[in-house]
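Encoded as structure tokens, the structure appears first; notes follow it.
None of the figures in this text is laboratory data; all of them are computed from the coordinates on show. Owing to the predicted nature of the structure, the values given are computational and were not obtained by experimental measurement. For neighbour counting, all protein chains shown are included, and Cβ atoms are generated from backbone atoms with ideal geometry for every residue, glycine included.
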Number of protein chains: 2
Amino acid sequence: MEVPDMRLTSLLGFIAGTLTTVSFVPQVLHAWRNKSCHDLSWGMLFTFSAGVVLWLLYGLRLWAMPIIVANAVTLALLVIIMILKMRYTTR
Amino acid sequence: MEVPDMRLTSLLGFIAGTLTTVSFVPQVLHAWRNKSCHDLSWGMLFTFSAGVVLWLLYGLRLWAMPIIVANAVTLALLVIIMILKMRYTTR
């Protein structure tokens, strides 16, 4: 279906996507353990999430699986981080 | 050079890349103002940076400008955040 070159490119994309996505897992655990997300700014979280939604649409248009899968999972993790931040913010 | 459809896709990619990249700017300012990056875990920063390097290679192989530009700038901002974190970490 794909030429070997594209397969290598996709593999590279999947490893890249796994790393950038998995990177949010220690962040979620870090926030959970420290019961704090104070140093994660809302500005960053909202802008980043909006970008991830658009990367997802971009990936869907290119039908590039590494981009689609990575951004879908990242979005889910970002939602968890934002829920934790709301919970830990003192009011 | 490109069919209109691909141009729209690239535009979408550039907006996505601008958002996910620009999102690190408030994070840098937030860290600078609070003189703290404690809640940003090293695990997240290293894994994310490694992923960004691979996304850059992926973008180069696809010759997809939105992916190349976004990840190059993100990498530069991540390096700044890591330098600030090292500086603010009490030893």
Per-pair calculated FRET efficiency, R0 = 25 Å: A:LEU8 and A:MET86 via Cβ, rounded to 0.05
0.05
Cα extents of chain A per principal axis, largest first, Å, are 55, 23, 15
Acute angle (nearest 10 degrees) that the helix B:65-88 long axis makes with the longest principal axis of chain B, alpha-carbon atoms:
0 degrees
Along Cα-to-Cβ, 7 Å out, sits the label point; list in nm, shortest first, how far the one on A:PHE46 is from those in the other copies.
3.4
Relative to the longest principal axis of the C-alpha atoms of chain A, give the angle of the C-alpha long axis of helix A:42-62, reported between 0 and 90° and rounded to the nearest 10°.
20 degrees
Unit charges at the beta carbon, dipole of the protein assembly as shown: most positive-side option, B:GLY43, B:THR20, A:HIS38:
A:HIS38
All other residues with a Cβ under 14 Å from the Cβ of B:TYR58 taken together, and with Lys, Arg as +1 and Asp, Glu as -1, what is their net charge?
+1
Label point distance in nm, B:TRP63-B:VAL25, each placed 7 Å from Cα along Cα→Cβ:
3.0 nm
Give the separation of the Cα centroids, the range B:58-75 to the range A:34-52, in Å.
23 Å
Do the sum for the protein assembly as shown: with -39,500 (n - 2.57) for every DSSP H run of n ≥ 4, divided by all residues, what is the mean residue ellipticity at 222 nm, to the nearest 500 deg cm²/dmol?
-28000 deg cm²/dmol
If you take the Cα Rg of the protein assembly as shown and divide it by 2.2 N^0.38 Å, with N the number of residues, what do you get?
1.04
Please give the helix B:4-22 orientation as an angle from the longest Cα principal axis of chain B, in degrees from 0 to 90, rounded to the nearest 10.
0 degrees
So, in nm and shortest first, the distances from B:MET82 to its counterparts in the other copies, with label points 7 Å along Cα→Cβ, work out as 2.8
Under 1.5 on a/c is rounded, so check that first for the range B:7-46, then, if it is not, pick prolate when a/b is larger than b/c and oblate when it is not; a ≥ b ≥ c are the square roots of the alpha carbon gyration tensor eigenvalues.
oblate
